[in-house]
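Structure record follows, encoded as structure tokens.
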Amino acid sequence: MELRHLRAFVEVAAKGHFGRAAAALSLTQPALTLRVQTLEKELGADLFDRSGRVIRLTRAGEVLLPHAKRLVQVEDQALAEIKQHVAAKEGKLRVAYLTLWDGLPTNLVSMFRRRHPGVRIETMSGYSSENLERVVKRDADLAFLTIGVGRRAGVVMRVLDRHPLVVIMAPDHHLAARVSVPVAELRGERFIGLSFGVNNAFAKDMNTWLTRQMGEQPRIVAFEPPDQIASAVATSGGAVAVMTETRALVGESVGIVYRKLAPTPMIEYGIAFRKDNPSQPLADFLEAVDDSAPTITDGLSAGYEGVSRSSPARAATKTA
């Protein structure tokens, strides 16, 4: 059996559709179909029941699927580890920037370039969930992300920065007359929430925190990605949203205002990397972070509260 044939089989089983599976694998549908048919011929059994409108696994397909998944996962892991090894050997550092976190990440990478001009840096960007997956799958050596994205086995997270969260609204909103807004007074307001897939763990933590403060769950009427939330609030006809003060300042250009919250929720940003990554450039980058990144202490000042329950223990925020 060829792995490419098993991969085609696994993808069709996952998608339930030959066309969608072909698109996911960047193949034409006839090419994908041929791979599945070749596998079926080799095994001497049909793997899919194609008689109805919905493609279903046959009993033979059900037996094969868990084994095929494991083989595909082993191939993916082997390829990822080889890529990581090659990157380390070539003196390359693969960095995933966090979309919408400006300032500190770029400053750290620029400082590292000056210290280690011989290291080739490859950059990419994405939201926190995507960046964490890049580290887990060894597609990136280091990722900047929201710490509240959740924990994964073998991945170390270090807190580098904290930002206060504020409430944004249209200038004619009744809460805009306040200098600061007690969180309890957001009860009954319509909220614009964070789109699914951006950072599900943090979104859940944020909703839990708001529920605790308000005494009821936030009334979320729409979901938007972070870079569209300010515009959505400005045109919503009275909705509010919570975002960092830094992004709220930028959002004022689209017609929103922001007010501080009491108590003030805080979001933590940081880096993630695999503990078993042997990359010397990564080790050098972490050393540079130790030398230049701001010190983040335990606990918060009075009037401030952490939102995420999945933040790493403080002992994990420094290299050994």
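The values are calculated or read from the model by the stated rules, or taken from the named source; none is laboratory data. Treat the numbers as computed from the prediction; the structure is a model and nothing was measured. Heads up, the Cβs are rebuilt from the backbone with ideal geometry, glycines too, and the neighbour counts pull from every protein chain shown.
Is it the case that some residue within the range 72-81 is in the same structural domain as Ala14 (by TED's automatic domain parsing), part of a loop (DSSP other than H, G, I, E, B) and either surrounded by 15 or more Cβ atoms within 10 Å (Cβ to Cβ) or modelled with pLDDT under 85 (or both)? No, every residue in the range 72-81 fails to be in the same structural domain as Ala14 (by TED's automatic domain parsing), part of a loop (DSSP other than H, G, I, E, B) and either surrounded by 15 or more Cβ atoms within 10 Å (Cβ to Cβ) or modelled with pLDDT under 85 (or both).
Each row is one residue, and each column tells you yes or no for (1) surrounded by 15 or more Cβ atoms within 10 Å (Cβ to Cβ); (2) among the charged types (D, E, K, R); (3) under 22 Å from Glu130 (Cβ atoms).
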| position | (1), (2), (3) |
| --- | --- |
| Gly215 | no, no, no |
| Ile256 | yes, no, no |
| Thr264 | yes, no, no |
| Ser279 | yes, no, yes |
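Among residues of the range 234-256 that are closer than 17 Å to Gly103 by Cα, none has a beta-carbon under 6 Å from a residue that is of a type in the set (Lys, Arg) and part of a loop (DSSP other than H, G, I, E, B) at least six positions away or on a different chain. Applying a threshold of 6 Å to beta carbon distances and a minimum spacing of six or more residues, or different chains, the list of pairs starting in the range 292-320 at a residue that is assigned to a loop (DSSP other than H, G, I, E, B) and ending at one that is surrounded by 10 or more Cβ atoms within 10 Å (Cβ to Cβ) and modelled with pLDDT under 55 reads Asp298/Arg314.
Selection of the range 187-206 for residues being within 27 Å of Ser301 (Cβ to Cβ) and touching a strand residue (DSSP E or B) at 6+ places or on another chain (Cβ under 7 Å) yields Glu189, Phe191, Leu194, Asn199, Phe202, Ala203, Met206. Kindly check whether there is at least one residue in the range 152-174 that is in a helix (DSSP H, G or I), surrounded by fewer than 21 Cβ atoms within 10 Å (Cβ to Cβ) and out of contact with any His (no Cβ under 7 Å at 6 or more places or on another chain). The answer is yes; a qualifying residue exists. Filtering the range 225-240 to residues that are of a type in the set (A, V, I, L, M, F, W, C) and in a loop (DSSP other than H, G, I, E, B) leaves only Ala239. Can you tell me which residue among Ala222, Ala272, Ala248 is of a type in the set (A, V, I, L, M, F, W, C), crowded, with 20+ Cβ neighbours inside 10 Å and assigned to a strand (DSSP E or B)? Unique residue meeting the criteria: Ala272. Within the range 177-203, being within 30 Å of Tyr127 (Cα to Cα), in contact (Cβ under 8 Å) with a residue 40 or more places away in the chain and hydrophobic (A, V, I, L, M, F, W, C) holds for Val181, Val183, Leu186, Phe191, Ile192, Val198, Ala201, Phe202. Among the residues of the range 46-61, those that are farther than 18 Å from Arg4 by Cα and either in contact with a Leu (Cβ under 9 Å, 6 or more places away or on another chain) or not in a helix (DSSP H, G or I) (or both) comprise Asp49, Arg50, Ser51, Gly52, Arg53, Val54, Ile55, Arg56, Leu57, Thr58, Ala60.
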